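Written out below as structure tokens is the structure these notes cover.
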Amino acid sequence: MKASRFLRPSSIAALAMLLTAPFAAAAEGHKSFSEKTLWDMLVLGGWVMIPLAGFSIAMVWLIIDGAQRSGLKRMMPESEVEKARNFFRAGDYVGAYQACTDNTCTFNNVIRAGLVNVGDGKDATEDGILAEVNREQSKQGTRLSYLSVIGVCTPMVGLVGTVVGMIKAFGELGQGGATQNTSGLSEAIGEVLVATASGLIIAIPAFMGFFFLRNRLQGAVHEVENEVGNLFRKFPYHLAEGVHVG
């Protein structure tokens, strides 16, 4: 009799509804979240998404530009290599200098720097080549360094959005948002998560692109230096003493 008094059908139904209510609410929230478009998610991130969008555009441009500039074929075209070899075999160093001046690239710039110093001896020529190699590497690497800057700054910008969103969330809690205004509270928390995730999503490929392109650039510059060194290995410095090509 006592069991039937406490476990009535209506009580069992109420208990089942009470236990399943959180799961139903979670399922409803998941459904509404999945229906959000990418634009809705970006708008939810707040004002910090504007600078983050600028960072993302700059990151894509820098990666594409760095991939083109650090390519060995662009820094040392095969046609220019063959042309320089022919001039050096023929001993036409003035013609080699003129060809390097007419078609500027990393390979030709390094050769031109070496030819300018041949009259001062082998050591001066090698120093000129090394200085030009370092200059070219620094010039090409400057743009790549901005990828590292983006990788460092974007999580901080996302963190600013996180702080702003937390301030809004605590403001909602202070006004009884946990029980009366759940939509405003969830929107503030969503802004926190979207801003943080966006900063990390931009920073990760920026760092990956920076290290990959930096290593690629170093390898290409090393190949250029080796090829130029091969050209000047048998240069007749004793005949060019006091002569300044160009």
*Please enumerate the residues belonging to region 92-133 that are outside any helix (DSSP H, G or I) and either closer than 21 Å to Val221 by Cβ or in contact (Cβ under 8 Å) with a residue 12 or more places away in the chain (or both).*
Asn103, Thr104, Cys105, Asn117, Gly121
*Do we have any residue at all in region 60-72 that's of a type in the set (Lys, Arg) and either assigned to a loop (DSSP other than H, G, I, E, B) or under 30 Å from Phe211 (Cα atoms) (or both)?*
yes
_Selection count, region 138-161, where residues are under 15 Å from Phe210 (Cβ atoms) and touching a residue at least 24 places away in the same chain (Cβ under 8 Å)_ = 14
_Flag for Arg74 being buried (at least 17 other Cβ atoms within 10 Å of the Cβ) and of a type in the set (D, E, K, R)_ = no
*From the list Val243, Val221, which residue is open to solvent by 20 Å² or more (accessible area, probe 1.4 Å) and of a type in the set (Val, Ile, Thr)?*
Val243
_The listed residue being open to solvent by less than 80 Å² (accessible area, probe 1.4 Å), modelled with pLDDT under 65 and not β-branched (Val, Ile, Thr), out of Gly184, Gly158, Gly171, Gly165_ = Gly184
_Check on Met41, closer than 30 Å to Phe207 by Cβ, in contact with a Leu (Cβ under 6 Å, 6 or more places away or on another chain) and modelled with pLDDT under 90_ = no
*Enumerate the pairs (first residue in region 216-241 and closer than 16 Å to Gly128 by Cα; second residue anywhere and open to solvent by 70 Å² or more (accessible area, probe 1.4 Å)) with beta-carbon separation below 6 Å, excluding pairs fewer than 6 apart on the same chain, so at least 6 apart or on different chains.*
Tyr237/Lys122
_Out of Val94, Val118, sole residue that is closer than 15 Å to Ala240 by Cα, over 38 Å from the mean Cα position of the chain (by Cα), surrounded by fewer than 15 Cβ atoms within 10 Å (Cβ to Cβ) and of a type in the set (A, V, I, L, M)_ = Val94
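The values are calculated or read from the model by the stated rules, or taken from the named source; none is laboratory data. From a predicted model like this one, the values you see are computed outputs, not experimental measurements. Virtual Cβ from ideal backbone geometry, glycine too; neighbours counted across all protein chains shown. Areas reflect the complete protein model, heavy atoms only, side chains present, ligands, DNA and RNA absent. Shrake-Rupley method; radii C 1.70, N 1.55, O 1.52, S 1.80 Å.
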